[in-house]
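Data block below; observations after.
Derivation of every value follows stated rules applied to the coordinates shown; laboratory data play no part. On a predicted model such as this, the values are computed, not experimentally measured, just so you know. Here the Cβ is made from the backbone with ideal geometry for all residues, glycine too, and neighbour counts use every protein chain on show.
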Amino acid sequence: MEKARPLWANPLQFVFACISYAVGLGNVWRFPYLCQMYGGGSFLVPYIIMLIVEGMPLLYLELAVGQRMRQGSIGAFRTISPYLSGVGVASVVVSFFLSMYYNVINAWAFWYLFHSFQDPLPWSVCPLNGNRTGYDEECEKASSTQYFWYRKTLNISPSIQENGSVQWELALCLLLAWLVVYLCILRGTESTGKVVYFTASLPYCVLIIYLVRGLTLHGATNGLMYMFTPKMEQLANPKAWINGATQIFFSLGLGFGSLIAFASYNEPSSNCQKHAIIVSLINSSTSIFASIVTFSIYGFKATFNYENCLRKVSLLLTNTFDLEDGFLTASNLEQVKGYLASAYPSKYSELFPHIRNCSLESELDTAVQGTGLAFIVYTEAIKNMEVSQLWSVLYFFMLLMLGIGSMLGNTAAILTPLTDSKIISSYLPKEAISGLVCLVSCAIGMVFTTEAGNYWFDIFNDYAATLSLLLIVLVETIAVCYVYGLRRFESDLKAMTGRALSWYWKVMWAGVSPLLIVSLLIFYLSDYILTGTLKYQAWEASQGQLVTKDYPAYALAAIGLLVAASTMCIPLVALGTFVLHRLKRGDAAPVA
Amino acid sequence: MLRLLFFLVTAIHAELCQPGAENAFKVRLSIRTALGDKAYAWDTNEEYLFKAMVAFSMRKVPNREATEISHVLLCNVTQRVSFWFVVTDSSKNHTLPAVEVQSAIRMNRNRINNAFSLNDQTLEFLKIPSTLAPPTDPSVPIWIIIFGVIFCIVIVAITLLILSGIRQRRRKNKEPSEVDDAEDKCENMITIENGIPCDPLDTKGGHINDAFMTEDERLTPL
């Protein structure tokens, strides 16, 4: 008798697992950036349209495939067509790449979390230089938060060629991150199902706390007004639409096989249409919610820096012209400057290059995304709040929950096909398989803890998943609609869930979504080809800022290998299956 | 005569204490920034206190124990509040070398700051860099302690889960063999009639077949 497939204890666990997987760091650090770059409030228009046209249909498709086939991605696509099981293999390869580098973010979050229990916060003050007369040079040129990130956390080398050694502190944090992930996936859905209650709900608690705190900060309204005023002309910019589409696509985590894996543990009769709509709506509203928090923090930081700048200019003028202390304020600064320029022209012109024009807009305009936003901009804002240790602990705890939630989905995508396969699961119990996967990923992940590790992280982040996922989802959609047959799938779903498939989904699956994905693919490829050599940002310690450098040849080869490793699986497995079938037919022919 | 002497003294003082003079230092105070509403006004009494503090610092230098308050000269007091000062020797003709004054002020910077309720940023001696206090470094960094705690908790949890998983699996493996043993026992006791084993009633939760009622109940009672 076959062992019953493990199931989610209740449908709520499944929904929470999907939410916990889809709502990740991208909602917090990529969506606010896109909103800012592409016209603030008006970016919501392409975003919501893409959600309805691309996000919901593709999400529903993946959940339906998983629930119908009741197997991981490899098995599911083998059932659709043996030639297409390469799609499943490609999903597993991409998930494996993702889990290797994604857990490093959790390691960084752990590092910052552990360092938040100090007074003062270590990234709020610069360390002293050798003879204790001033601050460390690199820290002076950059800021204390940048110094803590680039020097103390990453200990980054000036270029990708200089590998450096493994940073033991970061390696320990990475080990801990993998142990925590192992703890959560150890027992399969039994343990994952309970953990996702926390990883899905706790980030919302922290976001609400931060929303209340953020809106009451001085200068928060500046940020909110600046970011959300719609700039309607951006709607005509094709990049806004393309970025809306890609953000929806990657934010929902389509194509990794995690959604198929999660849905395969569902009761066959559960209403996956409702679940798909709920999950995608919650994911998008979390993005918008997180960007409100981020913009109020931006506004606070920009106002703080602006007032600091004004104070510095006033101090400079007061000292040079020996004015009375406290005479210069923000309101009379301009007229006093005018008076001084006319009264002491020579002295003023000497001073002029040192007087920066303080502008609130230029402070607000600094658009940052990714690790820069999470670990530099946010920490800079946090260090200026009262009781900064509490806010810091809450914030990094939230980042951890988001990261671990996404890791659970990634590892499920890898483990479900492995535990489904009869060969492997007969030799090893599922605890051992999970342990082995975590061990291998952790060992390879040590590369990202070396001094040049952050550069390799950027390579993986930018290239490991982007192109391959688009191709995987395209082949998935075509496989279900045209190879398996849309009518056959429709009748399967009706038999399974008892609900008829609406015409809207049929139109989207068969026509609109594949077209959208093809156009995204064309855009990405043309973008890569047009930019020529790929460049990266390297941290220059002597200048205290980022400089652009070219990738060396072996890094470009690694990028090519990353993309090829996953995309080539599809044709290679198809070819292999074809060859095997021919061989089998060749053997069978003489018997018949 | 007295007026001539006074004139001479001020003339000499004017020479010794000048902005940019040799061995002269500029001092800048930001009282209102530091104290806000509680700021005091800078007047000659405060200047006297300042001279006293500088003289006190110089007296701590070996060979300069005889420095008096009158040896410290202040000039060019502005509204900022900023001024220049020099320290002269006992003859009042020469100024003490800048290096000595600098090291003396650096040694006693804290006392001077406290006398005026200011700090290194609000009471500035230009060209005398202050020694910054290094942050207190605990012997074991705090983050390692927290890391160790969480690490141990996670390891213990993993071990517990793995052990309970192994125990569950062992129990599951034993159950089918236990059921097998019971069936063997049954088979030994099963009576065989026509090659068909009869299940004895005591090993299976027997149901009483109502068709086979007892003898006396078949007959209706009288």
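Tabulated results
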{"read-out": "Exposure proxy order (Cβ contacts within 10 Å, fewest to most) of A:Val563, A:Val475", "value": "A:Val563, A:Val475"}
{"read-out": "In order through the stretch A:421-435: 3J(HN,Hα) via Karplus (6.51 cos²θ - 1.76 cosθ + 1.60), integer Hz, x for Gly, Pro", "value": "5, 5, 4, 6, 6, 7, 7, 10, x, 5, 5, 6, 4, 4, x"}
{"read-out": "Gyration tensor verdict on the stretch B:1-120 (Cα atoms; rounded if a/c is under 1.5, prolate if a/b is larger than b/c, oblate otherwise)", "value": "oblate"}
{"read-out": "Likely footprinting exposure, B:Leu123, A:Leu202, A:Leu439, A:Leu486, fewest C-beta neighbours within 10 Å first", "value": "A:Leu439, A:Leu486, A:Leu202, B:Leu123"}
{"read-out": "Percent RCO, i.e. relative contact order, over chain A, from Cα pairs under 8 Å lying at least 6 residues apart", "value": "33"}
{"read-out": "Other protein chain Cβ atoms within 10 Å, averaged over every residue that makes up A:426-436", "value": "1"}
{"read-out": "Mean Cα-pair separation over length for the stretch A:258-398, i.e. relative contact order, pairs under 8 Å, 6 or more apart, %", "value": "28"}
{"read-out": "Separation in nanometres of the label points that stand 7 Å from Cα toward Cβ, at B:Glu65 and A:Tyr135", "value": "4.3"}
{"read-out": "For the stretch B:67-77, Karplus couplings with θ = phi - 60° (6.51, -1.76, 1.60), whole Hz, Gly/Pro x", "value": "5, 10, 4, 5, 6, 8, 10, 10, 8, 6, 6"}
{"read-out": "³J(HN,Hα), Karplus 6.51/-1.76/1.60, whole Hz, each residue of the stretch A:322-333, x for Gly, Pro", "value": "6, 6, 5, 4, x, 6, 7, 10, 4, 6, 9, 4"}
{"read-out": "Calculated FRET value between A:Val512 and A:Arg487, using beta carbons and R₀ = 22 Å, to 0.05", "value": "0.75"}
{"read-out": "Proxy reagent accessibility, fewest Cβ within 10 Å first, across A:Arg213, B:Arg111", "value": "B:Arg111, A:Arg213"}
{"read-out": "Modelled label reach - A:Thr533, point 7 Å along Cα→Cβ, the stretch A:549-581 residues with backbone N closer than 19 Å", "value": "A:549-561"}
{"read-out": "Acute angle (nearest 10 degrees) that the helix A:11-22 long axis makes with the longest principal axis of chain A, alpha-carbon atoms", "value": "50"}
{"read-out": "Lysine pair count for the stretch A:267-380 [Cα-Cα under 24 Å; pairs on different chains or 8 or more apart]", "value": "4"}
{"read-out": "Size of charge dipole - chain A - debye, nearest 20, with Cβ of Lys, Arg +1 and Asp, Glu -1, no other charges", "value": "2120"}
{"read-out": "Average Cα contact separation per residue, the stretch A:489-554, under 8 Å, 6 or more apart, as relative contact order %", "value": "17"}
{"read-out": "Distance from the stretch A:91-142 to the stretch A:20-45 (C-alpha centre basis), Å", "value": "24"}
{"read-out": "Projected label distance in nm at A:Lys422 and A:Ile208, using a 7 Å step from Cα toward the beta-carbon", "value": "5.0"}
{"read-out": "At R0 = 22 Å, FRET efficiency that the Cβ-Cβ distance of A:Ile52 and A:Leu215 yields, to 0.05", "value": "0.15"}
{"read-out": "Two-site FRET efficiency, A:Val440 against B:Lys127, from Cβ-Cβ distance with R₀ of 45 Å, rounded to 0.05", "value": "0.15"}
